[in-house]
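K.L.:
Dropping a structure here in structure tokens format, bear with me for questions.
Just so it is clear, none of the values below were taken in a lab; they were calculated from the coordinates. Only a predicted model underlies this, so the values are computations on that prediction, with no experimental measurement involved. Virtual Cβ from ideal backbone geometry, glycine too; neighbours counted across all protein chains shown.
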Amino acid sequence: MKSDNTYPNIEIQLLEPGATPELVTMFNSADSKYSKYFIPFNFEYKSVKTMLSQAVLDKYFGFYFKGTLIGFFMLRGLDAGYQIPSYGVWINPKYQRCGLGKLSLTYCLALCNINNFPALMLKVHPENIKAIHLYINTGFEKISMDKSNQNIIMQKKIKTSDL
């Protein structure tokens, strides 16, 4: 730690349409091998801007470090009428294994709890072993397989709060 007891924070911000250029650039500049199994939506500029502009119940969050977007995560599917939100996360490879995936998952589970969602759903590629272990250790259970891409569909029931 620095001697003056200051260091940069990690910030979580709701992504607005103005974040589109940074989000698209961050994602598209990563090695395609790294992102090959992460296909939640089309990452073309116009598509991302429309998605962020039209989000009402769906939420897209960014991780910022030193003012730079270093990853994002989301709860989506609610705007499409689903009762159980779907979670997804993508972290810039440079910041992988820093705890951001776990932090995003904890944040989303708390958000689901406080908003009384009955469960949280996610899809993960079977080769993403570290993520699968994180999800199982967090209480997710395998419920099925996405036949279109062989991703494992997992779900965690939420103990809803008494708020």
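K.L.:
Would you list which aspartates and glutamates come within 18 Å of LYS156, measuring only between C-alpha atoms, while excluding same-chain residues fewer than 8 positions from it?
P.N.:
Here the aspartates and glutamates satisfying the reach criterion relative to LYS156 are GLU141, ASP146.
K.L.:
Report the local net charge at ILE84: Lys and Arg +1, Asp and Glu -1, summed over other residues whose C-beta lies under 12 Å from its C-beta.
P.N.:
+3
K.L.:
Mind checking segment 41-143 for trypsin sites (Lys or Arg not before Pro) that DSSP puts in a loop (not H, G, I, E or B) and that have at most 10 other Cβ atoms within 10 Å?
P.N.:
Hits after loop and neighbour filter: LYS66, ARG97.
K.L.:
Using 0.36 nm per residue of separation minus the Cα-Cα distance, give me the extension gain between SER144 and ILE114 in nm, one decimal.
P.N.:
8.1 nm
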